[in-house]
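Take a look at the structure set out below.
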Amino acid sequence: MGRNLYILAATLGFFGAVCFVLAFTGLVHEPGSPSDSVLWRTMGIFLVAGALIAALLGVLQTMFEQAERRDEKHRIDQRERNRKH
């Protein structure tokens with residue numbers, strides 16, 4: 001699950017960067033393109049914020065999975081020690 005969140009964060013971050021590039025270049029003034037640079041910047045901010053949140057959730061998910069694996073290993077080792085005595 002954590003890997004999927006990293007992929008989502010990378011995708012949102014990429015599109016957020018594209019929105020910022022579009023907002024600060026002269027491309028928004030070309031005929032046929034959306035010309036509201038404030039809208040492009042706002043979309044970029046929201047996409048980057050979403051990417052940061054997805055990355056945070058991915059890190060937390062990975063940390064909890066690792067803690068769960070270590071706890072399970074500790075329990076198995078503890079049972080084996082108790083059986084030997």
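Per 5 Å bin, what is the whole-percent P(r) computed from every C-alpha pair distance within the chain? Using 5 Å bins, I get a P(r) of 3, 15, 14, 12, 10, 8, 8, 6, 5, 4, 4, 3, 3, 2, 1, 0, 0 for the chain.
Leaving out ligands, DNA and RNA, what percent of the accessible area of region 2-84 is carbon and sulfur, probe 1.4 Å? It is 66 percent, rounded to a whole number.
Each label was represented as a point 7 Å from its Cα along the Cα-to-Cβ direction; for Glu68 and Phe15 these points are 2.8 nm apart. Heavy atoms of the protein chains alone define the surface here; on that basis the chain has 79 Å² accessible area per residue at 1.4 Å probe size. Thr25 contributes an accessible area of around 60 Å² to the protein surface, as traced by a 1.4 Å probe with all chains present.
The values are calculated or read from the model by the stated rules, or taken from the named source; none is laboratory data. What you are looking at is a predicted structure, and each value in this text was computed from that prediction instead of being measured. In this analysis, Cβ positions are derived from the backbone assuming ideal geometry, glycine residues included, and neighbour counts consider all displayed protein chains. Each accessible area value is taken on the protein alone, full model and side chains, heavy atoms only, with ligands, DNA and RNA left out. Shrake-Rupley method; radii C 1.70, N 1.55, O 1.52, S 1.80 Å.
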